[in-house]
Amino acid sequence: MVFSSLTFLCIFLPAVLLLYNVSRSVTYRNAVITVSSLVFYAWGDPAFLLLLIAASFVNYILAIIMDRYYGLWQSKMILAAAVVLDAALLGVFKYTAFFVGSINSALGLSLSVPGIALPLGISFYTFQIISYMADVYRGEARAQRSYLKFLTFISMFPKITSGPIARYPQLERSLSKRQVRPQDFADGARRFILGLGKKVVLADCSGESASLLLGAASHATAGSAWLGMIFYTFQLYFDFSGYSDMAVGIGKMLGFSLPENFDHPYIARSITDFWRRWHISLSRFFRDYVYIPLGGNRRLQMRNILVVWLLTGLWHGASWNFVLWGLYYGVLLMIEKTFFKWWSKIPVLSNITTMFAVVIGWTIFYFTDLSQLGTFFGYLFGQGCPLFDLTTVSTLCSNAWLLAACILASTPLPKMVFEYVSSLKYAGAVIECTVLAAVFVGCIALLTGATSTPFLYVQF
Amino acid sequence: MRKYIVTVLFVLLLAGAAAVCFGPADTESITAENREAAAMPELSLDTVVSGEFAGGFDSYVNDNIGLRGRLMELSGAVKSCFGFTPRLVGKVISTTSDIGTGETLDSSLMLIDSKIMEMFSDKPEAENSYAEALVNIAETLPDGVEMYSMLVPTQLEFEDPLYSNAQDSQKSCIDAINERLGSKITPVDVYSALAEADGYLYFKTDHHWTMDGAYCGYEAFMNSAGGEAVSKDGFERKEKNDFYGTLYLKARSQLNDPEPDTLVYYDVEEKTDLEIVMRAEYEDGSALEYGEGSGVFNDEKDDYLFFFGGDQPLIEITNNDIPDGKTIIVIKDSYANALVPWLVNSYGRVVMIDPRSFEGSLKEEIERYEADEVAVVNYVFTTTFTDYCALLNGLAE
């Protein structure tokens, strides 16, 4: 199930919130979250529900045993076994076909490529499990003794399919004791509606323009290539950050404080800055569990950067373009850290160059076929195609205000204006409620009669 | 205080959404789309495990939500705020297209004034397969059976070059396919006939041609086949009703107050004694004849389905006024449905076979009807669907 569906908005969410608030018992509330999360997860793809339950159960048991041997060599062995097991789970389901296909291409073999379906949210929940095991091993948290609470943490529907990747110590306390204050619920509701607006209005409508300009049905022109990638750039951001806003919002309404995942990445002044603002929970995962253990800035920094970015690329997808995309950022970061640290001090120019690099990055990210990617880079720089055509002009005109809204919404300005207006005593309440109601009703209208538009990050 | 206001508002919005969802369904908005609303899926272990129930339930909610028509109008209003449409530029929107074969292609529509037109994007590999399929069919024909190929271009091809150049050339595609057909197949030049003609040749909100457009095709066909087309003036021109076609459904959210089409037809049944049999054959060899008493025109339909009630696996039309006339088998997509009402005036029997649903053997049908001619009539977009080409090829087996 996705948040931006009528089933979720009209039936699932009202029902869950209603049932959740029937009792204040934490056990009851955990049970409501867990059962509803399993229904949410299984909706449309029930085959892998058992995998989720089994993976969480095995790690739940391993963590308890590891906790018992805390500080002893046995705990290290158990951690290693758990990480290997979880990585293998991800490897089998996500990368088997990729590796077999790559071996076939490299060695000219014709091994049969297994057609393994990718379980929903597997990249997110395996990373969450690995981080839990590492935190228990390090003593940052005690192993959870209640399987219900552990399953609530792993399967929590706001974050199961697309993150943010929550660290167990952040939520440990809330799993046992939490209350939803009126302010939390109101903040959560506000955050949810604005996130829904980002996804349904800005992301999906930008996505329509991107598909039109980048799809096979359009003639290739340099203008369409750039405009299409710009729309795709906005689609990715509003899709993922809208989802994260909704996840954080629902979390608040249920009494959990989920981590932030975005901080206006498109106003970044450097690639380093961009990755501090984009998919923050994933960057922190790699920083804490890969980069720093490898030596971080102190030992073999360049190697560590390359390893982290190779893994980041692979995490996003089992395809060579994702590997290339990860290495692209790894190399850019090495160059930036070595030669261009001063560049970010130049305003505007540094913003423009960063966004240029980001758009080029999303181009690599978009094309899973490397030959298509090569051809498309040619189009971006006017090779073998005209500058623009009627489709370019028409799409630009008919989405001009949408594009302007996307640019504006990528900055902190709308949030500042909204917060200022909301702070006004009487007019603020009217304006805030009008905006929230208009966004919600507008989203319901846009979703009516539309085909389902799942979140882009669900596939990772 | 504000926290309570926002909380109450959110609860009201969710309650409102639930109320609209469970409220009376807006069946009119579905009827306007010429389809039936999705039904509540069956709840069983099998349907739940396969995911069929969830998918069906989402469709059910989408189709049966209250105020659906109003919400879709609001959706259109929201989208119209995203930009502006310069009068001379028109608007290009993305969509998907399918021809009922299972394959779905990304496609674009061009909206100019009140016309909605599909934009052609050629697929050379599929076009090769199309030509190969026709050549393979020609190889299987008994001696003496003539074969024709008619590929019909669409409306956008004949618009101002400012617009038509935004798509791939349909003419180039048709010419390329015709060049590959070999000597056993005669191409029918319907392109020139349509380019020279004026009038209401294509619907504005539907991807099909009108019966006037189809008459151009009929004349071009008779020119190629060496016959004489009957005059259009000999039949009464009637207007059945206004309607919005299939492209309107895809573009409705982008249109402000679009003009409807008019279903115009020439009453060929009035002057000709026609007898129609519809037949479905199944892979196990069994067959079902149906459609007793049906005619060329289906009065129950208000759109392009008016012609023969839509696509059927096999339709046999006998013209009792030409008892010794020739028999032609037309392998076709829906474009032929407006053409055949003209063709029946020149043949003793016309048999329409739709490869998308026909499961029988073309060879057996040719023998059964002692066909004199075979024509393959499709609109040019059909050549971009690889699975349609595969179905055509299957007829040669």
Query raised in the report: Normalised by the number of residues in segment B:2-80, what is the relative contact order in percent for Cα pairs under 8 Å and 6+ residues apart?
Result: 38
Query - Percent of C-alpha pairs per 5 Å bin, segment A:248-388, short to long - result: 2, 9, 14, 19, 18, 16, 11, 6, 3, 1, 0, 0
Query raised in the report: Once phi is turned into θ = phi - 60°, what whole-Hz ³J(HN,Hα) does the Karplus curve with 6.51, -1.76 and 1.60 give for every residue of segment A:407-416, x standing for Gly and Pro?
Result: 4, 5, 6, 7, 9, x, 4, x, 5, 5
Query raised in the report: Looking at the protein assembly as shown, which Cys residues are left with no other cysteine's beta carbon under 4.7 Å from theirs?
Result: A:Cys205, A:Cys385, A:Cys397, A:Cys406, A:Cys433, A:Cys443, B:Cys81, B:Cys173, B:Cys216, B:Cys389
Report summary line: Per-residue average of other protein chain Cβ atoms inside 10 Å, peptide B:107-114 -> 3
Report summary line: Restricting to Cα pairs under 8 Å and 6 or more apart, the percent relative contact order of chain B works out to 17
Query raised in the report: Based solely on its DSSP helices, what 222 nm [θ] is calculated for chain A when runs of n ≥ 4 H residues each add -39,500 (n - 2.57) and the sum is averaged over all residues, nearest 500 deg cm²/dmol?
Result: -21000 deg cm²/dmol
Query raised in the report: Given Cα pairs under 8 Å that are at least 6 residues apart, what percent is the relative contact order of chain A?
Result: 18
Query raised in the report: By Kyte-Doolittle mean hydropathy of at least -1.0 and Cα axial length of at least 27 Å, which whole DSSP H helices of chain B are selected?
Result: B:2-22
**Report entry** When the convex hull of its Cα atoms is projected in every direction, mean area for segment A:16-98 (nm²)
**Finding:** 7.8
Query - Nearest-20 debye value, the protein assembly as shown charge dipole, Cβ charges on Lys, Arg, Asp, Glu - result: 8700
Report summary line: Residue span A:Ser25 to A:Ile103: 0.36 nm per residue of separation minus Cα-Cα distance leaves a gain in nm of 22.7 nm
Requested in this report: Go ahead and set up a Gaussian network model of chain B, Cα springs under 10 Å, then flag whichever of B:Ser183, B:Ser97, B:Ser357 fluctuates most.
Outcome: B:Ser183
Requested in this report: Using only Cα positions of segment A:184-454, each an equal point scatterer, no hydration layer, compute I(q)/I(0) via Debye at q = 0.13 Å⁻¹ and quote the log10 values to two decimals.
Outcome: -0.99
Query raised in the report: For peptide B:57-67, how many partner chain Cβ atoms fall within 10 Å of a residue's Cβ, on average?
Result: 4
Query - Rg [Å, one decimal], Dmax [Å, integer] - chain A, C-alpha atoms - result: 22.8, 72
Query - Three-way shape label, segment B:284-397, alpha-carbon gyration tensor, a/c 1.5 - result: rounded
Report task. On a C-alpha basis, how far is the centre of segment B:322-388 from the centre of segment A:120-156 in Å? Whole number, if you could? Result -> 64
**Report entry** Dipole of the protein assembly as shown, positive direction: furthest Cα of B:Phe358, A:Leu294, A:Ser270, with charges on the beta-carbon
**Finding:** A:Leu294
Report task. Provide a whole-number value for the mean count of partner chain Cβ atoms within 10 Å of the Cβ atoms in peptide A:418-429. Result -> 1
Report summary line: P(r) of segment A:25-178 over all Cα-Cα pairs, 10 Å bins starting at 0, rounded to whole percent, reads 11, 36, 31, 15, 5, 1, 0
Report summary line: A correct Kirkwood calculation over the Cα atoms of segment B:2-80 returns a hydrodynamic radius in Å of 14.6
**Report entry** Exceeding the 31 Å Cα-Cα cut-off - candidates B:Lys115/B:Lys238; A:Lys94/A:Lys198; B:Lys123/B:Lys184; B:Lys301/B:Lys363
**Finding:** B:Lys301/B:Lys363
**Report entry** Coordinate range along principal axes, alpha carbons of chain B, Å, largest first
**Finding:** 89, 55, 44
Report task. Please return the longest stretch of chain B lacking exposed loop sites, where trypsin sites (Lys or Arg not before Pro) count only if DSSP places them in a loop and at most 12 other Cβ atoms lie within 10 Å. Result -> B:88-397
Query raised in the report: Alpha carbon centre of segment A:329-366 versus segment A:297-311: separation in Å?
Result: 18
Query raised in the report: Could you list log10 I(q)/I(0) for the protein assembly as shown at q = 0.07 Å⁻¹, which the Debye formula gives when each Cα is one point scatterer?
Result: -0.66
Report summary line: The rounded separation in angstrom of the Cα centers of segment B:117-168 and segment A:91-116 is 38
Report task. Pull out a ≥ b ≥ c, the square roots of the eigenvalues of the alpha-carbon gyration tensor of segment B:7-52, then state rounded if a/c is under 1.5, prolate if not and a/b is larger than b/c, and oblate in the remaining case. Result -> oblate
Requested in this report: Could you sort A:347-356, A:50-59 so that the peptide with the highest average Cβ count within 10 Å comes first and the rest follow in order?
Outcome: A:50-59, A:347-356
Report summary line: Checking rank on B:56-62, A:407-413, A:84-90, with mean other Cβ inside 10 Å and highest first, the result is B:56-62, A:84-90, A:407-413
Report task. Provide the three semi-axes, in whole Å and in decreasing order, of the ellipsoid equivalent to segment B:79-170 as defined by the square roots of 5 times the Cα gyration tensor eigenvalues. Result -> 35, 15, 10
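No lab work stands behind these numbers, since they all come straight from the coordinates. Note that this is a predicted model, so its numbers are computed, not measured. Cβ sites come from the backbone with ideal geometry, for glycine too, and all protein chains shown count toward neighbours.
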